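Read-outs throughout are calculated quantities, based only on the coordinates presented, and are distinct from any laboratory measurement. Everything numeric here is computed off the predicted structure, so don't read it as measured data. Quick reminder, even Gly has a Cβ in these numbers, built from the backbone with ideal geometry, and neighbours come from all protein chains shown.
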Amino acid sequence: MISEELITGAVATAVGSMLSYIIGKRKSKAETAILEIEAVNKVAAIWRGLAEDLKTEVDELKKEVGQLVEENKILNQKINDLLTSKNK
């Protein structure tokens, strides 16, 4: 007949194995979540850097466009002045 010690040992081993599996699974999920968060933070940092670079470039281009618009107004006025003086 199976002894009580053998049954107790088998049950204890089974319960211990189940607890180890459950705890290991939770730990694995937590570690995976941490890795995913770290990856998202790295990607966000890269995008933030790119956005800052693009903002700087856009600001520079806006300034250049403003200068070109002013230059265009001056040149158009000179053309109009020349046409007006020529027609006189």
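Taking every DSSP helix (H) stretch of at least 4 residues in the chain, weighting each as -39,500 (n - 2.57) and dividing the sum by the residue count yields a mean residue ellipticity at 222 nm of -36000 deg cm²/dmol. Computed about its Cα centre, the charge dipole of the chain is approximately 500 debye, with only Lys, Arg, Asp and Glu carrying charge at their Cβ. Between helix 4-86 and the chain, what is the angle of the helix's C-alpha long axis to the longest principal axis, kept within 0 to 90° and rounded to the nearest 10? With both axes taken from Cα atoms, the answer is about 0 degrees.
So if I average 1/r over every pair of distinct C-alpha atoms in the chain and take the inverse, what Kirkwood radius in Å does that give? The answer is 20.7 Å.
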